[in-house]
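The values are calculated or read from the model by the stated rules, or taken from the named source; none is laboratory data. From a predicted model like this one, the values you see are computed outputs, not experimental measurements. Cβ sites come from the backbone with ideal geometry, for glycine too, and all protein chains shown count toward neighbours. Calculation scope for accessible area: heavy atoms of the full protein, side chains included, ligands and nucleic acids excluded. Shrake-Rupley method; radii C 1.70, N 1.55, O 1.52, S 1.80 Å.
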Amino acid sequence: MNTESHSTRQHILDVGYQLIAEKGFSNVGLSQLLAQAGVPKGSFYHYFKSKEKFGEALIEDYFAGYRSRLDVLFSDPSLNGFDKMMTYWGKWIEASNNQSANQPCSNQRCLVIKLSAEVSDLSDAMRVSLLNGANTVIDMLANCIQQGVDDGSISVANSQKAAEQLYHMWIGAGLMSKLNQNTECLSQALNTTARLLKGDVAF
């Protein structure tokens, strides 16, 4: 794929993400996406065989970018494992505050929470793409937690189990935050996370 083709494909994905993060997958029509992106229908079908294939590509592209951002945070030598984890979860609260202020959603939780229930019934291929992306993030969290165990800043018996339970807790808190239209659930999750990682509460 040449540079121009890659740029057009990426532009369609970027515009699509913003629309879908705001409205949901089913509520974004192809004509709306094409108008917003400023590309003809033929260009869309040149890169994506169907709207479902576009959805898969969007999810995979987003998680690829998200993993790159996590790599930057989790490889920061100035932070221990505990501080990296608390910084990561703190960004979920920042993203929720940005949404409340009508700023674009740029956090991974937005995509997972917005699409999980919707696409699980709509498209098995998209469900698997979301699940694979989420599992990759969990694995990265587990590695970071293990860093903290190794440097003495985190006290848990099983890093993988801790990562899974924390991620599941935060997804639930994210859903309740959307229902309540505030960040109280996320703030409670942050406090619980600190206690769990310090070993004050057992997993």
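Would you mind stating whether Asn80 is at pLDDT below 90 and open to solvent by 30 Å² or more (accessible area, probe 1.4 Å)? The answer is no for Asn80.
One line per residue, one yes/no per condition, for (1) out of contact with any helix residue (DSSP H, G or I) (no Cβ under 8 Å at 6 or more places or on another chain); (2) buried (at least 16 other Cβ atoms within 10 Å of the Cβ):
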| residue | (1), (2) |
| --- | --- |
| Asp14 | yes, no |
| Tyr17 | no, yes |
| Gly24 | no, no |
| Val28 | no, yes |
| Val39 | no, yes |
| Gly42 | yes, no |
| Tyr45 | yes, no |
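Exactly one of (1) surrounded by 13 or more Cβ atoms within 10 Å (Cβ to Cβ); (2) in contact with a Gly (Cβ under 9 Å, 6 or more places away or on another chain) is unmet by Ala142. Its number? Among (1) surrounded by 13 or more Cβ atoms within 10 Å (Cβ to Cβ); (2) in contact with a Gly (Cβ under 9 Å, 6 or more places away or on another chain), Ala142 violates only (2).
Restricting attention to the range 47-72, and to residues there that are among the hydrophobic types (A, V, I, L, M, F, W, C) and farther than 16 Å from Tyr17 by Cβ, which single residue is least open to solvent (accessible area, probe 1.4 Å)? It comes out as Leu70. Collect the residues in the range 145-174 that are in contact with a Gly (Cβ under 8 Å, 6 or more places away or on another chain) and open to solvent by 60 Å² or more (accessible area, probe 1.4 Å), keeping them in residue-number order. Of everything in the range 145-174, those that are in contact with a Gly (Cβ under 8 Å, 6 or more places away or on another chain) and open to solvent by 60 Å² or more (accessible area, probe 1.4 Å) turn out to be Gln146, Gln147, Asp150, Asp151, Ser155.
Can you tell me which residues in the range 8-34 are assigned to a loop (DSSP other than H, G, I, E, B) and either of a type in the set (Gly, Ala, Ser) or closer than 21 Å to Tyr66 by Cβ (or both)?
Hits for the range 8-34 are Gly24, Phe25, Ser26, Val28, Gly29.
Here Ser75 fulfils each of the conditions (1) over 21 Å from Ala163 (Cα atoms); (2) exposed (fewer than 14 other Cβ atoms within 10 Å of the Cβ) apart from (1).
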